[in-house]
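Written below as structure tokens is the structure these notes are about.
Coordinate-derived values only; no laboratory data. All figures in this text were calculated on a predicted structure; none of them were measured in a lab. Here the Cβ is made from the backbone with ideal geometry for all residues, glycine too, and neighbour counts use every protein chain on show.
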Amino acid sequence: MKIVVGCDHGALALKEEVKKVLAEFADIEVQDVGTYTEDSVDYPDIAEKVCAEITSGHAERGIVLCGTGIGISIAANKIQGIRAALCNDVYSARMSRAHNDANVLAMGGRVLGPGPAGEIVRVWVQTAFLGGRHARRVGKIMDLEGK
């Protein structure tokens with residue numbers, strides 16, 4: 001599985017920790033689309049880069065990071081085909097995959113430390129979508145894009 005990661009200046013350190021966690025999985029290829037310095041950047045630009053890799057089929061999932069995770073998750077969810085979930089705990093991360101088939105995980109560099117963020121990432125990448133009744137609901141979510 002290919003996962004693309006990106007952050008703004010408020011989550012650069014967390015992005016590096018996330019990449020270390022993803023390196024624990026032999027079957028995961030990571031693409032980093034920036035930012036690479038602490039110079040100020042706009043999180044919608046990063047969300048667009050990450051999500052373009054997913055919607056084009058070049059990556060299966062993405063992880064987006066900003067100071068709180070809020071702005072970048074809102075930006076990501078504006079892109080057709082994206083289901084971004086802002087997760088600050090393991091349970092939410094698990095449910096975002098199992099019930100919502102989230103293809104983008106959002107977290108905040110000023111909200112989460114490396115330990116909790118690492119556990120969230122591990123659960124998120126290992127949890128499969130359950131399908132069934134949840135597939136019907138995800139379908140209805142995706143239908144909202146056309147309204």
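Numerical summary
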{"read-out": "Flag for residue 11 being small (Gly, Ala, Ser), buried (at least 16 other Cβ atoms within 10 Å of the Cβ), in contact with a strand residue (DSSP E or B) (Cβ under 7 Å, 6 or more places away or on another chain) and free of Cβ contacts under 8 Å to residues at least 24 places away in the same chain", "value": "no"}
{"read-out": "Any hit, segment 45-53, residues being within 14 Å of the chain's Cα centre (by Cα) and either over 16 Å from residue 74 (Cα atoms) or not in a helix (DSSP H, G or I) (or both)", "value": "yes"}
{"read-out": "Considering residues of segment 87-111 that are surrounded by fewer than 23 Cβ atoms within 10 Å (Cβ to Cβ) and aliphatic (A, V, I, L, M) only, the residue farthest from residue 133 (Cα to Cα)", "value": "111"}
{"read-out": "Filter result for the condition that a residue is under 24 Å from residue 135 (Cβ atoms) and without any contact (Cβ under 8 Å) to a residue 60 or more places away in the chain, over 62, 34, 69", "value": "62"}
{"read-out": "Helices (runs of 4 or more DSSP H) wholly inside segment 57-147 containing at least 2 residues that are over 13 Å from the mean Cα position of the chain (by Cα) and more than 22 Å from residue 8 (Cβ to Cβ)", "value": "90-98, 114-126, 133-143"}
